[in-house]
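Scroll down for the structure; my scribbles are underneath it.
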């Protein structure tokens, strides 16, 4: 299998330690208190919010995995994020999206059949955690699950235009992932596959299959390396 980058831009800041985040949060909180300016209002302003900013980056919902994933995708669309990758298995899922300088990676775990936990990694290009957007996203997911989003949260509309990947290399197989066109992917060189299909590496592990009768793979040269993209 030949390996390619999923995206040119990696989510920065994930290697920041809890201690560094805590120090950064305290410095910004003090700056907010001393300045009295509104420029810092997107940052934590109470001890409880500061604790959430430093320690807690997750939320749990009393719903099965798939509805929570669908609500998260619809909520990201509502907040004008561009969703670039969705993966769903039996007990976990993955979403990657971006908006401006903010990058988000959501990981979903089915704690029980009726309880799903979302772990959020949302950072700006500056490597600071985007606390305000993350907080609004969690709230939006809850509203969607409570039925408050109405017509907005429609799954088929949310994934329209994305490239579907299938569980098996055959027509009619279950869709287990969606990719936004234009992002690089990892393609297996499995020789046992029929020419119609390509095996795509998943972030959750394993492969899903692209129907090349519907979507082509085009080599693109980037930084002296050849990558392949769905188009």
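The values are calculated or read from the model by the stated rules, or taken from the named source; none is laboratory data. For clarity, every value in this text was computed on a predicted model and none was experimentally measured. Glycine gets a Cβ as well: all are built from the backbone with ideal geometry, and neighbour counts include every protein chain shown.
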Is it the case that some residue within the stretch 160-168 is assigned to a loop (DSSP other than H, G, I, E, B) and in contact with a helix residue (DSSP H, G or I) (Cβ under 9 Å, 6 or more places away or on another chain)?
no
Would you confirm whether any residue within the stretch 174-191 is at pLDDT 85 or above, surrounded by fewer than 21 Cβ atoms within 10 Å (Cβ to Cβ) and assigned to a helix (DSSP H, G or I)?
no
Scan the stretch 59-73 and give yes if some residue there is crowded, with 18+ Cβ neighbours inside 10 Å, in a strand (DSSP E or B) and either at pLDDT below 95 or not assigned by TED's automatic domain parsing to the domain that holds residue 166 (or both), otherwise no.
yes
Filter result (closer than 11 Å to residue 62 by Cα and part of a strand (DSSP E or B)) within the stretch 102-121:
110, 111, 112, 115, 116, 117
For the stretch 89-104, which positions are more than 13 Å from residue 133 (Cβ to Cβ) and surrounded by fewer than 21 Cβ atoms within 10 Å (Cβ to Cβ)?
89, 90, 91, 92, 94
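Would you confirm, using the coordinates I've provided, whether residue 133 is more than 11 Å from residue 57 (Cβ to Cβ) and touching a residue at least 40 places away in the same chain (Cβ under 8 Å)?
Values: more than 11 Å from residue 57 (Cβ to Cβ): yes; touching a residue at least 40 places away in the same chain (Cβ under 8 Å): yes.
So residue 133 passes the test.
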Filtering the stretch 192-201 down to residues that are within 26 Å of residue 81 (Cβ to Cβ) and surrounded by fewer than 19 Cβ atoms within 10 Å (Cβ to Cβ) yields 201
Within the stretch 158-173, can you find the residues that are loosely packed, with under 14 Cβ neighbours inside 10 Å and within 14 Å of residue 86 (Cα to Cα)?
160, 161
